Amino acid sequence: MKLFVRGLFACAWLFAAVIFTGCGSMSQGQLNPPPRTSAGVARFHVGDTVTVSYSGIPIAMADYVESIKEDGTISPPFIGPIYAVGKTAGELQNEIYTNYVPKYYVRLTVTVKSGDRFFYVGGEIKGSGRQAYTDGLTLTKAIQTAGGMTDFANHGKVWLTHTSTGQRIRVNYDDALQDPAKDPPVYPDDQVNVERRIF
């Protein structure tokens, strides 16, 4: 009888341990749930502004704001460089969280947001000026987004300047329309300029 009671007590203790462990894991997961990703979600590029907000800690911590460097990283406090390029806000948020918890904090909520992103067009383009940036933008799409070229545009002298690196690329617009390999990507803050033809 004593053996039966001891066995029953051991089973009850084991069951309670499993329940409490499960609850602890659930509450920690609710602090910062894993991100949901899907096709078409905007991903970070060099030059994007990233804002990291912290909450759920005893001493308030100021938001961390940084533009993604040319090497693709940002450097939040304590945890050093984190590679951000190509990640969604949710993916970056989750990576930052796992670098803080449990090494620096027991409980922490991390929120990652991107700033508004723009690119700039000028020269013989109908909608010259600042344009809203969307993920997957290429030079031809950027020009079409801005209303297309004017009648005086030189299709063979289209310039793309990557602001983050200073690199300037000459593109033939008609060739880029025909061959995607000749249609370079446009990143946030890049500049597209179309020269005027002589004749």
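The values are calculated or read from the model by the stated rules, or taken from the named source; none is laboratory data. These numbers were taken from a predicted model, which means no experiment stands behind them. Here Cβ is always computed from backbone atoms with ideal geometry, including for glycine, and neighbour counts include all displayed protein chains.
Before moving on, here are some points about what is shown:
- Checking each residue of the range 93-100 against the condition of being assigned to a loop (DSSP other than H, G, I, E, B) and farther than 19 Å from Phe44 by Cα gives no match.
- The single residue among Thr109, Thr98 that is touching a Gly at 6+ places or on another chain (Cβ under 9 Å) and of a type in the set (S, T, N, Q) turns out to be Thr109.
- Some residue of the range 21-36 being under 20 Å from Pro188 (Cα atoms), assigned to a loop (DSSP other than H, G, I, E, B) and at pLDDT below 95: no
Residues are listed down the side, and each one gets a yes or a no for (1) among the aromatic types (Phe, Trp, Tyr); (2) under 30 Å from Asp63 (Cβ atoms); (3) in a loop (DSSP other than H, G, I, E, B):
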residue	(1), (2), (3)
Pro102	no, yes, yes
Val112	no, yes, no
Phe119	yes, yes, no
Arg130	no, yes, no
Ala142	no, no, no
Ile198	no, no, yes
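Per-residue answers, yes or no, for (1) in contact with a strand residue (DSSP E or B) (Cβ under 8 Å, 6 or more places away or on another chain); (2) surrounded by fewer than 16 Cβ atoms within 10 Å (Cβ to Cβ); (3) on the phi > 0 side of the Ramachandran plot; (4) in the same structural domain as Val46 (by TED's automatic domain parsing):
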site: His155; (1), (2), (3), (4): yes, no, no, no
site: Trp159; (1), (2), (3), (4): yes, no, no, no
site: His162; (1), (2), (3), (4): yes, no, no, no
site: Gln167; (1), (2), (3), (4): yes, yes, no, no
site: Asp174; (1), (2), (3), (4): yes, yes, no, no
site: Leu177; (1), (2), (3), (4): no, yes, no, no
site: Val186; (1), (2), (3), (4): yes, no, no, no
site: Asp190; (1), (2), (3), (4): yes, no, no, no
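- Any hit, the range 155-162, residues being closer than 28 Å to Gly72 by Cα, within 24 Å of the chain's Cα centre (by Cα) and in a loop (DSSP other than H, G, I, E, B): no
Residues checked against (1) within 19 Å of Pro184 (Cα to Cα); (2) surrounded by 19 or more Cβ atoms within 10 Å (Cβ to Cβ):
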residue	(1), (2)
Ser53	no, no
Ile59	no, no
Ile68	no, yes
Gly90	no, no
Glu95	no, no
Gly115	no, no
Thr140	yes, yes
Ala146	yes, yes
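- Taking the criterion of being modelled with pLDDT under 90, touching an Asp or Glu at 6+ places or on another chain (Cβ under 7 Å) and not small (Gly, Ala, Ser), the residues of the range 37-82 that qualify are Thr37, Arg43, Val46.
- Residue in the range 91-113 that is within 15 Å of the chain's Cα centre (by Cα) and closer than 18 Å to Thr165 by Cβ present: no
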